Amino acid sequence: VKEQDGLKHVYSRFLPEYEVRQMKPSTSFSGKILSMKYLSEASVQEISAGLKTLTDEYEKWIKEQENRVPSLQQEYHIPAESNLDKCKKTCMRIKKSVDFLTDENVYRAFSLANKAMFEQRKAMLIRTNKFKSDDSICWYPFQLAFFVQEICSFANPEGEERKDVDLLWFPTGGGKTEAYLGIAAFVIFLRRLRRGADGDGVTVLMRYTMR
């Protein structure tokens, strides 16, 4: 508040302190295992083999980051090691979830979820004149990894994973919505496949905080 000529003026000034760089999904990993259409049609053996390639690449990346820790300032060693431990646990959960795909209902629910995601994505791209080909409709690696990671939590409600609340953090427009819609579709299909007519009703609750 500034007093001038008997009047009071209220003003504000915005001074940015940091420039936040845009985060983008990694494109270093590629392959047909990311294709929604492929995942909706491939056999459980083919999907398991493709997902093993994904986890192998993830483990390789984790090892590369571990090798970088000694070069960091001492104050960052403990946080870095803590984060890498979480990465290792995530990788183990993905592998555990892949094993659950041998369950016929889990595999079928996963296939149908990918089919649903593929068809809605294709319809949107056609509607907006952005459609190129079926093969171009793919998950980002982090989306598929998060999707698969959650399978064991729903395939085995009694498992230890149900005690965790998993957070997918990514800036607006990065692909969070598609990732959790894929999981929602999986859960809806799995519930119906396992319970039949008793699997109807509310399956998923979503809350949009809007800030």
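Key figures for this structure:
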quantity: Qualifying residue in the range 67-80 (condition: assigned to a helix (DSSP H, G or I), in contact with a Pro (Cβ under 9 Å, 6 or more places away or on another chain) and of a type outside the set (A, V, I, L, M, F, W, C)); calculated: yes
quantity: Residue within the range 119-130 that is open to solvent by 80 Å² or more (accessible area, probe 1.4 Å) and closer than 16 Å to THR90 by Cα present; calculated: no
quantity: Selection within the range 100-117 - outside any loop (DSSP other than H, G, I, E, B), open to solvent by 20 Å² or more (accessible area, probe 1.4 Å) and either in contact with a Leu (Cβ under 9 Å, 6 or more places away or on another chain) or of a type outside the set (Phe, Trp, Tyr) (or both); calculated: GLU104, ASN105, TYR107, ARG108, LEU112, LYS115, ALA116
quantity: Out of GLY174, GLY196, GLY201, sole residue that is small (Gly, Ala, Ser), part of a helix (DSSP H, G or I) and farther than 24 Å from SER48 by Cα; calculated: GLY196
quantity: Residue, modelled with the highest pLDDT, within the range 4-29, restricted to residues that are open to solvent by less than 100 Å² (accessible area, probe 1.4 Å) and within 43 Å of the chain's Cα centre (by Cα); calculated: PHE29
quantity: Tally, over the range 135-151, of residues that are in a helix (DSSP H, G or I), closer than 19 Å to THR27 by Cβ, in contact (Cβ under 8 Å) with a residue 40 or more places away in the chain and open to solvent by 10 Å² or more (accessible area, probe 1.4 Å); calculated: 4
quantity: GLN45 being assigned to a helix (DSSP H, G or I), of a type outside the set (D, E, K, R) and farther than 20 Å from GLY182 by Cβ; calculated: yes
quantity: Qualifying residue in the range 183-204 (condition: hydroxyl-bearing (Ser, Thr, Tyr) and crowded, with 17+ Cβ neighbours inside 10 Å); calculated: no
quantity: The range 30-52, residues that are open to solvent by 100 Å² or more (accessible area, probe 1.4 Å), closer than 27 Å to GLN120 by Cβ and basic (Lys, Arg); calculated: LYS32
quantity: From the options ALA42, ALA80, ALA49, residue that is hydrophobic (A, V, I, L, M, F, W, C), out of contact with any Ser or Thr (no Cβ under 9 Å at 6 or more places or on another chain) and closer than 25 Å to PHE118 by Cα; calculated: ALA49
quantity: Search result, residues across the range 152-171 that are outside any helix (DSSP H, G or I) and touching an Asp or Glu at 6+ places or on another chain (Cβ under 7 Å); calculated: ASP166
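The values are calculated or read from the model by the stated rules, or taken from the named source; none is laboratory data. Just so you know, these numbers come straight off a predicted model, no measurement behind them. Quick reminder, even Gly has a Cβ in these numbers, built from the backbone with ideal geometry, and neighbours come from all protein chains shown. Side chains included, ligands, DNA and RNA excluded: accessible areas come from the protein's heavy atoms. Shrake-Rupley method; radii C 1.70, N 1.55, O 1.52, S 1.80 Å.
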